[in-house]
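In what follows, a single structure is set out as structure tokens and then discussed.
The values are calculated or read from the model by the stated rules, or taken from the named source; none is laboratory data. Here the structure is a predicted model, which means the values were calculated and not measured. Cβ placement follows ideal geometry from the backbone for every residue including glycine, while neighbour counts extend to all protein chains displayed. Note: accessible area is taken over every heavy atom of the protein model, side chains too, but ligands, DNA and RNA are not part of it. Shrake-Rupley method; radii C 1.70, N 1.55, O 1.52, S 1.80 Å.
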Amino acid sequence: MSSTLQSAQAVPVEGKPLIELEADLTEDGRYGARRVVVTSSHVSVLEPGGAVLSRVAIEDIGTIKNEPLVSGGRLRVRTKSGDELTLATYSLTVAHRFSDLARGVEELAAGSELTIALPQERTRCEKCGLPLPEADGFCPSCLNRGKTLIRVAAYLKPYKTRTAVLVLLSMTSTGLNLVPPLIQRTLVDGFKDGTMTTPLLLQNVGLWGLLALAASATQIFTGRNMAFLAAHISADLRNAVFRAVQGLGIRYFDRKPVGAIASRVTNDTERLWFFLVDGLPFFFINVLMFFGVIGFLFWTDVGLATAILLPIPLIGLVSMYFWKPLSIMFHKVSQKMARLHMHLNESLSGIRVVKAFVKEDFEFGKFTVRNREWRDTAYAGERRWTTGFGIMTFFIALAALINWGYGGTLVIQGRLTLGEFVMVNSYLLLVYGPLQWFAQINNWFSRAMAGAERVFEVLDMAAESPNDDGAVQPLRGEVAFEGVRFGYDKSNPVIRNMSFDVKAGEMIGLVGHSGSGKSTTINLIARFYEPDAGRILVDGRDYRELDLADFRRQIGIVLQEPFLFNGTIAENIAYGKPDATFDEIVNAARAANAHDFILAKQDGYDTVVGERGARLSGGERQRVSIARAILHDPKILILDEATSSVDVETERQIQEAIQNLIANRTTFAIAHRLTTLRTANRLIVLERGEIKEVGTHDELMQAGGVFAKLVETQRQINQVVEVGNV
């Protein structure tokens, strides 16, 4: 081992830490903390106590890379002398952070200025030390459900009048339910001492009936009012989380499966709805009832009330032991449900691929595993709940036994009337009956608050662009790349030191082998992603200074895989300009050579295209997508293999339409057939993320370089295909 590598030494970290990151696995793959510290001179790995496990000097680093492993990865260093060392092992939760760290060490080793700034990411709860379900997420064990409930309650603000009415109805319902036991006492004592008369009996029974009718009416109005509030609050939350999700950057969707995102919008808000409709009114009314009954019990007999309420602390202890871990279990249930939802969404979306490869049994097997995980986790939670519920049932029965034993003794001694005993027994049911179901309320509450916290987690994420005043500042369309570097994994760049200038109105063809960086370049131009290093200028300004919504309103994109929404052809063409007239829609369709095939449809422009445009052919979907971009009237046009799904004749016609379209527009085009880029002002030839050649089609052919070889290879392939078709 080189002298630059050190291990298992309790030596201090030298210099100011530039990057600090915590790995969550030990060297043998077990969960455990390891801190990686990067200074200007060394990369060190420390134990939780501060002892240095390994260290390598920055100046001696040859390469540093992240090697993928099952459910995680490891950070590997190779020194200039050939020694290799595994610095850290980590799970998928923090894998992307170590990609950033490796990139930063590369910069330091190359003598460059450090451009990576890693804020500390929490992988464990600072309070209890348990692993977090998601990095920088919330800990379900330490979740402050009271604060979450207060935040949910903030959504009541638009419905203040109904909320006030609900509180009034709840108090009224409580009062109405406290009176009948008093009537029972009067009736029983009247029968016992012989003072009860028929008019007095009818008077008390009539009053009891009126109270029952009023209580029933109050319950109906309370339920309807709560249903209104719950429906509107959950709908407002769904709107808010969907709006927030729409505002997040593409990187979020790269990391999060669609099914898991959809689960937050639907399942989590649904749990909150159930709690608000059923759980919260029950809890609120019975809390009022609890304190009201206690007051009557102590007013009747202090000793009896004290004896009857003795089991309540025991019930509280049982609740603390059994119910606190339930919030963690319910969070795990939600995670398993999200995974199942994700797989279901993925397998149904790709049903054609599943059937084409006869993978129905394979997908069913995966679904069965996900379903079993959900089942087992849900069963574990429900098993714990039912155990606690059963123990609580015994203590509630114990309270009834105390009342009959001690209260019955008081009746025999004449210290308590029979009517008062019956009244106390009725109040006992009003206290302990709901108390038995408070466990179920805790169940609902834990589920609802965990779901609400996941919803708020999305709402609290930084939006892709905070600015959107609706104004459009017209662009000229000048685009320039200055030393741009970018990688989906920042330690493995796809684009390396790319620089070029494009004048307004120019058409630029992007050419290269698969994986050369063509699609990544247009993703950067559209600002789906932003450079890791360097700048992209639009009209001479760093495009990160431009309002994102304003910028994208002036970009038209036709992707290689056209996506159409489940609506009519006219609606899809007008998607970027909803106020377009029918004549404008038709003109755009003509320009995209789509008008004739649309008229051939039975419903013409009112033809419903189906989910993802499934009722149209690939070429038809592509032309509708092109028409959509044309109607959008962009200043910068991006064509990503825009003609790859059409035949040669249709492609020729579309190319003619595109020639009219690109006038006064800056156009970036990727084409499957290289010969279709003859009319481009310039071609940029990419190879492994770097620009190899720039020039016109004829200039590059004469140069006989990379582009000429690509054209020749494609020509030979076409000849082979033609021979095969003979």
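When its C-alpha radius of gyration is set against 2.2 N^0.38 Å (N residues), region 522-604 gives a value of 1.42. Where in region 205-224 does the label zone of TRP299 land, with the point 7 angstrom along Cα→C-beta and an amide N cut-off under 18 Å? So the set is 208, 211.
Over region 560-615, the pair-distance histogram of Cα-Cα distances with 10 Å bins from zero comes to 25, 60, 15 percent, rounded to whole numbers. Amide H to amide H distances under 5 Å link GLY62 with ARG78, THR79, LYS80, where only residues 5 or more positions off or on other chains count and H is placed in the peptide plane.
For GLU453, GLU107, the ranking by accessible surface with the largest value first comes to GLU453, GLU107, using a 1.4 Å probe.
Surface calculation, 1.4 Å probe, protein heavy atoms: GLU360 sits at approximately 80 Å² accessible. Note on LEU317/TRP404: beta-carbon distance plugged into 1/(1 + (r/R0)^6) with R0 of 22 Å gives a FRET efficiency of 0.35. Under 15 Å from the 7 Å Cα→Cβ point of ARG688, by amide nitrogen: which residues of region 516-559? Under 15 Å, as judged by backbone N against the label point of ARG688, lie 516-517 of region 516-559. Net length available on complete extension from LYS709 to SER40 is 236.4 nm, with 0.36 nm assigned per residue and the Cα-Cα distance removed. Rolling a 1.4 Å probe over the protein chains gives LYS709 an accessible area of about 140 Å². The label point for TYR488 and the one for THR195, both projected 7 Å from the Cα toward the Cβ, are 8.6 nm apart. Taking each residue as 0.36 nm, the span from PHE582 to ARG678 lengthens on full extension beyond its C-alpha to C-alpha distance by 31.2 nm. The slack between THR163 and TYR379, meaning 0.36 nm per residue of separation minus the straight C-alpha distance, is 74.1 nm.
As a calculated quantity, the FRET efficiency between THR368 and PHE563 at R0 = 22 Å, using C-beta atoms, amounts to about 0.10. Computed from label points 7 Å out along Cα-Cβ, the spacing between GLU20 and ILE220 is 6.5 nm. PHE298 sits with roughly 80 Å² accessible to a 1.4 Å probe, with DNA, RNA and ligands left out of the calculation.
Between GLU59 and ASP539, the modelled label-to-label distance comes to 5.0 nm, taking each label 7 Å out from Cα in the direction of the beta carbon. The protection proxy used here, the mean number of other Cβ atoms lying within 10 Å of each residue, ranks peptides 517-525, 417-425, 541-549 as follows, highest first: 517-525, 417-425, 541-549. Between GLU47 and ALA154, the C-beta separation translates, for a Förster distance of 56 Å, into a calculated FRET efficiency of about 0.80. Of the listed residues MET289, MET196, MET701, the order by accessible area with a 1.4 Å probe, largest first, is MET701, MET196, MET289. The residues packed around LEU166, meaning those with a beta-carbon under 12 Å from its beta-carbon, carry a net charge of +3 if Lys and Arg are +1 and Asp and Glu are -1.
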